[in-house]
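A.B. asks: Structure below; questions to follow.
The values are calculated or read from the model by the stated rules, or taken from the named source; none is laboratory data. Note that this is a predicted model, so its numbers are computed, not measured. Because the Cβ atoms are built from the backbone with ideal geometry, glycine has one as well, and the counts that use them run over all protein chains shown. The area values use the complete protein model at the heavy-atom level, side chains included, leaving out ligands, DNA and RNA. Shrake-Rupley method; radii C 1.70, N 1.55, O 1.52, S 1.80 Å.
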Amino acid sequence: NSHQSEVRLPDNRLLQIVKDLSDFVPDAAGEILNQALNNEGKITVVCANDGHLRESARKSGLNGLVKLLDDSVVKGRMRSEDNSVVLLNLNHQSVIAKGKERQSIFEQVFNHWVRTSNKWDVCKSCPARNSCPIFHNHEFLSEKPNEKQPRFDAIETLLKIAERTGYTITIRELLLYVAYLLTGGLQCEDVQQKFKESPKNMDWQWGFLFHQTAFGERLSIDELRRHPSFSAIKKLDPGHRAIRNIDEKISDVED
């Protein structure tokens, strides 16, 4: 079958590769999955998109596989309970996937770009540092990972909600998001130019602070469409979505 190939491994087991499960209708694809799970003498590698994999698994009654797909999103879990299935979910690894001894990719990027202080040493000699929103974001977001970190937790929660409501945040999107969160699209030269033009002007920076950039406040409609991470998070912006009457009722309850 041109859609599948097999090779013999050194330990004499067969390795079967299904290059795209979408080449098969769900009934046939489900049977491939069923055979793979019940053949101890063969290792099967299957490439599939999430929707087709779920439908095919359900067709064969493989509810454990469907649950593993759900767990990969909600818990970052990548192995079945009996370790017979290993899942590499490329859609949902950026924010949520955490192991007992490793950080999520989001936290690794955050630590490397935001919290690593020596990367910001060049800012010490910049005359615009005290009025720079990029440096301000670095200082406010550089919470120590072993202590309370409410700002990091809040941003991570935003991204988790976006993923769990059906928006795929790829690693590329994640990198773009963290970069924009820090800079708001500014470069050092932009800040230095503004400082040179008006050293005492402190009125323009607010739009580039992380609590504004986190929701893509300055992005155009076209830019939001191109970047699903911002498009999803924009829908969570309380500045645009809050309903005052409901907020006041909640406030009354809390009082």
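A.B. asks: When only Cα pairs under 8 Å and 6 or more residues apart are kept, what is the percent relative contact order across the chain?
C.D. replies: Details: 277 pairs, mean separation 32.1, N = 255.
Relative contact order, the chain: 13 percent.
A.B. asks: Using alpha carbons only, what's the Rg to Rh ratio of the chain with Rh from Kirkwood? Please report the intermediate quantities before stating the final value.
C.D. replies: Working: Rg = 23.7 Å, Rh = 21.6 Å.
My calculation puts Rg/Rh at 1.09.
A.B. asks: How high is the FRET efficiency between N245 and K148 when r is their beta carbon distance and R₀ equals 51 Å, given to the nearest 0.05?
C.D. replies: Numbers: r = 33 Å, r/R0 = 0.64.
Computed FRET efficiency for N245 and K148 comes out at 0.95.
A.B. asks: While we're looking at this one, here's another question. Projecting each Cα onto the charge dipole of the chain (Lys/Arg +1, Asp/Glu -1 at the beta carbon, about the Cα centre), which of I32, A48, V114 comes out farthest on the positive side?
C.D. replies: V114
A.B. asks: For every other residue with a beta carbon closer than 15 angstrom to the beta carbon of R13, add +1 if it is Lys or Arg and -1 if Asp or Glu, then tell me the sum.
C.D. replies: -1
A.B. asks: Something else: May I ask which of K124/K196; K160/K235; K19/K59; K19/K42; K160/K234; K148/K234 have a Cα-Cα span longer than 24 Å here?
C.D. replies: Numbers: K124/K196 17 Å; K160/K235 13 Å; K19/K59 20 Å; K19/K42 16 Å; K160/K234 14 Å; K148/K234 26 Å.
The answer is K148/K234.
A.B. asks: How large is the accessible surface of I246 in square angstrom, using a 1.4 angstrom probe and rounding to the nearest 10?
C.D. replies: 90 Å²
A.B. asks: I'd like the FRET efficiency for N83 and T168, computed as 1/(1 + (r/R0)^6) with the beta carbon distance as r and R0 of 35 Å, rounded to 0.05.
C.D. replies: Working: r = 27 Å, r/R0 = 0.76.
Approximately 0.85, to the nearest 0.05.
A.B. asks: Could you check which residue among A154, A242, A36 shows the biggest mean-square fluctuation in a GNM of the chain with a 10 Å Cα cutoff?
C.D. replies: A242
A.B. asks: While we're looking at this one, here's another question. Would you mind pulling out the separation of the Cα centroids of region 153-169 and region 108-123, in Å?
C.D. replies: That distance is 23 Å.
A.B. asks: How charged is the neighbourhood of A179? Take every other residue with its Cβ under 12 Å from the Cβ of A179, and add Lys/Arg as +1 and Asp/Glu as -1. List each step's numbers first, then the result.
C.D. replies: Values: positive: R172; negative: E173.
Local charge sum for A179: 0.
A.B. asks: What number, in nm² with one decimal, is the all-direction average of the projected area of the convex hull of the alpha-carbon atoms of region 1-62? List each step's numbers first, then the result.
C.D. replies: Details: hull surface 16.0 nm².
Taking the Cα atoms of region 1-62, their convex hull projects to 4.0 nm² on average.
A.B. asks: So, one more: Of R13, R8, which has the most accessible area with a 1.4 Å probe, and how do the rest follow in descending order?
C.D. replies: Result, largest first: R8, R13.
A.B. asks: Right, next: Can you compute the helix-only [θ] at 222 nm over the chain? Use -39500 (n - 2.57) per DSSP H run of at least 4 residues, normalise by all residues, nearest 500 deg cm²/dmol.
C.D. replies: Working: 13 runs with 119 residues, N = 255.
One gets -13500 deg cm²/dmol as the mean residue ellipticity at 222 nm.
A.B. asks: Got the relative contact order for region 135-222 handy, in percent, Cα pairs under 8 Å and 6 or more residues apart?
C.D. replies: On the way: 35 pairs, mean separation 27.4, N = 88.
Reported as a whole number, the value is 31 percent.
A.B. asks: Please compute P(r) over all alpha-carbon pairs of region 103-243, binned at 10 Å starting from zero, and give each bin as a whole-number percent.
C.D. replies: Final binned percentages: 11, 41, 34, 14, 1.
A.B. asks: With Cβ to Cβ distances under 10 Å as the rule, what net charge do the other residues near K67 carry (K, R +1; D, E -1)? Can you show the working numbers first?
C.D. replies: On the way: positive: R77; negative: D70, D71, E81.
With Lys, Arg at +1 and Asp, Glu at -1, the net is -2.
A.B. asks: Okay, moving on. Can you tell me the dipole magnitude for region 144-255 around its Cα centre, using point charges on the Cβ only (Lys, Arg +1; Asp, Glu -1), in Debye to the nearest 20? If you can, show how the numbers build up before the last one.
C.D. replies: Values: 17 positive and 18 negative charges, 64 e Å.
For this selection, approximately 300 debye.
A.B. asks: Which of C126, L174, N201 sits closest to the plus end of the dipole of the chain, meaning its Cα is farthest towards the positive end, when Lys and Arg get +1 and Asp and Glu get -1 on the C-beta?
C.D. replies: Working it through, the farthest residue towards the positive pole turns out to be C126.
A.B. asks: Please report, in debye to the nearest 20, how large the charge dipole of the chain is about its Cα centre when each Lys and Arg carries +1 at its beta carbon and each Asp and Glu carries -1 there.
C.D. replies: Values: 35 positive and 36 negative charges, 88 e Å.
Magnitude of the dipole: close to 420 debye.
A.B. asks: Give me the number: length gained by fully extending L175 to C188, i.e. 0.36 nm times residue separation minus the C-alpha to C-alpha distance, one decimal in nm. Intermediate values should be presented prior to the final figure.
C.D. replies: Numbers: separation 13, 0.36 × 13 = 4.68 nm, distance 1.86 nm.
Roughly 2.8 nm would be gained on extension.
A.B. asks: Could you order W206, W113 so the one with the most accessible surface comes first? Probe is 1.4 Å.
C.D. replies: W206, W113
A.B. asks: How large is the charge dipole for region 1-70, taken about the Cα centre, if only the Cβ atoms of Lys, Arg (+1) and Asp, Glu (-1) carry charge, to the nearest 20 debye?
C.D. replies: Working: 8 positive and 10 negative charges, 24 e Å.
Its charge dipole is roughly 120 debye.
A.B. asks: Please report, in whole Å, how far the alpha carbons of region 126-181 spread along each principal axis, starting with the longest.
C.D. replies: That works out to 44, 26, 14 Å along the principal axes.
A.B. asks: Quick one: among V25, V109, V66, which has the greatest mean-square fluctuation in a GNM of the chain with alpha-carbon springs under 10 angstrom?
C.D. replies: Result: V25 has the largest fluctuation of those listed.
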